[in-house]
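Accompanying notes for the structure given below.
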Amino acid sequence: MKSIIISNFKPILVGKLVEQQKLNQYTKFLYHHFQNLAVLSETGNNEMQIEPNSFDVISKQVDKYSIPPENINKRQILIFEEVEDFLENEMDYTAPLDYDFPSNLETKTGDTFGPKIGVRMEWFKNKMGYVFDEFYSNVDKAPENLVHVTCSGYSSPSVAQHAVISRAWDTTQVTHSYQMGCYGAFPAIRTASSLISGSTTNGRADVVHTELLSAHLNLTEFSVANTMICSLFADGFIGYSLYEEGSFMNDETILEKKGMRILAAHEVIIPDSLEDMSWELGEYNFLMTLSKRVPVFIRKNIKSFITTLCDKVGIDFEGEKSTMHFAIHPGGPKIIDYVVDAIGITKEQASWSYDILYRHGNMSSSTVPHIFNEIINDPNIPAGTKIVAIAFGPGLTATGLLLEKI
């Protein structure tokens, strides 16, 4: 069995990070717009026969149920990039009906819920090539394998295939790892690791995440759950590489031998939870459902899950957990707390999970790799530290990796 190293993490910003307070305020304008638009469509004319939600009602709900700035400071929301000046300089002084509306959200006749899914996938296709350009900006040697991860876009040929074709990398094999939501990094890492294990040349395997979650903002469903979702998710992009350990150590082009060794992987679908988290194709956007039972399932199952993960390589979780660090996917600020409390560790042992949520929001599959990058570069986490990484997604699927910092 080959020893596999994950290294070369490169977070990528396509747009600017915007303050959470401004994004939550702007959501109120958009909610109000689409609520009124839906009412006009139902009446068939401009005479309001159905009373819409007032801006004041909408504002109070967003203030009450959205993720506050103390939990998320900034997020990258590319779909709002053309109204950046309004968000930064004008919004605080603008009336509800006088705000700057993004042209890419304008509706066509008969479409009362914004651009349809085909238009949104064009946004994805047009914007995501930049991520590959940035990741490979200083790379000449082609990877043997490239795994593309996303749950927020689809095109075929894919943006990953376009990236390979444009570089004339005719020996690079492209694998698509799609639509698994927040736990998507874990199957991609297992896939890349298996590809290296089966390789006769121990060639590099790259993994690139392109999560344009802002393309799926649902601004027409005025509900508590959707208000939370609109304030939680963010666009996120990152790439990294996997190597056979001997090849990694002998590669003179890798000047800093920083990374994590994969020790074990584990994944289960939690019983009786299939309907509690979903990510479905809709007419206008991908649709997320998230039940109130999810935290209950996590608290009930997480300790035994991690124990089984560690048992695979003979590590006593209870005996060693105080020396470990934890990369917990921040499905929300409370999710990290639930896991920390359930397994009996300190918040400091999951500090980078809280920090990445605060700095970037929930970036779906690209979030845990952002946490990995910080752990690798944190001098206060010494080499040899065991890292437990966990995430959850539709299914309800729990997945994890046990790693060792080198």
Among residues of region 28-41, those that are surrounded by fewer than 21 Cβ atoms within 10 Å (Cβ to Cβ) and either of a type in the set (Ser, Thr, Tyr) or not assigned by TED's automatic domain parsing to the domain that holds GLU82 (or both), counted:
1
Within region 123-141, can you find the residues that are surrounded by fewer than 18 Cβ atoms within 10 Å (Cβ to Cβ) and either not in a helix (DSSP H, G or I) or not assigned by TED's automatic domain parsing to the domain that holds GLY239 (or both)?
SER137, ASN138, VAL139, ASP140, LYS141
Do you know which residues across region 219-230 are crowded, with 19+ Cβ neighbours inside 10 Å and either of a type in the set (Ser, Thr, Tyr) or more than 17 Å from ASP63 (Cβ to Cβ) (or both)?
THR227
For region 356-385, what are the residues that are free of Cβ contacts under 8 Å to residues at least 40 places away in the same chain and not small (Gly, Ala, Ser)?
ILE356, GLU374, ASP378, PRO379, ASN380, PRO382
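Name the one entry in TYR65, TYR93, TYR154, TYR99 that is farther than 30 Å from THR191 by Cβ, among the hydroxyl-bearing types (Ser, Thr, Tyr) and without any contact (Cβ under 8 Å) to a residue 60 or more places away in the chain. Break it down into steps so the answer makes sense when it comes.
Working: TYR65 fails: without any contact (Cβ under 8 Å) to a residue 60 or more places away in the chain; TYR154 fails: farther than 30 Å from THR191 by Cβ; TYR99 fails: without any contact (Cβ under 8 Å) to a residue 60 or more places away in the chain.
The match here is TYR93.
Restricting the search to region 61-100, which residues are among the hydrophobic types (A, V, I, L, M, F, W, C) and surrounded by 14 or more Cβ atoms within 10 Å (Cβ to Cβ)?
Keep residues of region 61-100 that are among the hydrophobic types (A, V, I, L, M, F, W, C), which gives 62, 67, 72, 77-80, 83, 86-87, 91, 95, 97.
Correct list: VAL62, ILE67, ILE72, ILE77, LEU78, ILE79, PHE80, VAL83, PHE86, LEU87, MET91.
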Unique residue being modelled with pLDDT under 95 and either under 30 Å from ASN24 (Cβ atoms) or more than 22 Å from the chain's Cα centre (by Cα) (or both) when the list is PRO115, PRO143
PRO115
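For region 271-292, does any single residue satisfy the condition of being over 27 Å from GLY331 (Cβ atoms) and in contact with a helix residue (DSSP H, G or I) (Cβ under 6 Å, 6 or more places away or on another chain)? Walk me through how you get there before you give the answer.
From region 271-292, those over 27 Å from GLY331 (Cβ atoms) are none; that's our starting set.
Within region 271-292 (the criterion being over 27 Å from GLY331 (Cβ atoms) and in contact with a helix residue (DSSP H, G or I) (Cβ under 6 Å, 6 or more places away or on another chain)), the answer is no, since none of the residues qualifies.
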Any idea which residue in region 27-80 is farthest from GLY153 (Cα to Cα), counting only those that are of a type in the set (Asp, Glu) and modelled with pLDDT under 80?
GLU47
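If I go through region 228-257 residue by residue, how many of them are aromatic (Phe, Trp, Tyr) and either closer than 30 Å to LEU23 by Cβ or modelled with pLDDT under 95 (or both)?
Going through region 228-257, the residues aromatic (Phe, Trp, Tyr) turn out to be 233, 237, 240, 243, 248.
Those still in the list that are either closer than 30 Å to LEU23 by Cβ or modelled with pLDDT under 95 (or both) too: 233, 237, 240.
Result for region 228-257: 3.
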Please verify whether region 269-278 includes one or more residues that are under 21 Å from the mean Cα position of the chain (by Cα), of a type in the set (S, T, N, Q) and either surrounded by 13 or more Cβ atoms within 10 Å (Cβ to Cβ) or closer than 30 Å to ASN8 by Cα (or both).
yes
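Just to be sure I understand, how many residues within region 149-177 are among the hydrophobic types (A, V, I, L, M, F, W, C) and out of contact with any strand residue (DSSP E or B) (no Cβ under 7 Å at 6 or more places or on another chain)?
Filtering region 149-177 down to residues among the hydrophobic types (A, V, I, L, M, F, W, C) leaves 149, 151, 159-160, 163-165, 168-169, 174.
With out of contact with any strand residue (DSSP E or B) (no Cβ under 7 Å at 6 or more places or on another chain) added as a condition, the list becomes 163, 165, 168-169.
Final tally of qualifying residues: 4.
The values are calculated or read from the model by the stated rules, or taken from the named source; none is laboratory data. What you see is a predicted model, and the numbers here were worked out from it, not measured in a lab. Virtual Cβ from ideal backbone geometry, glycine too; neighbours counted across all protein chains shown.
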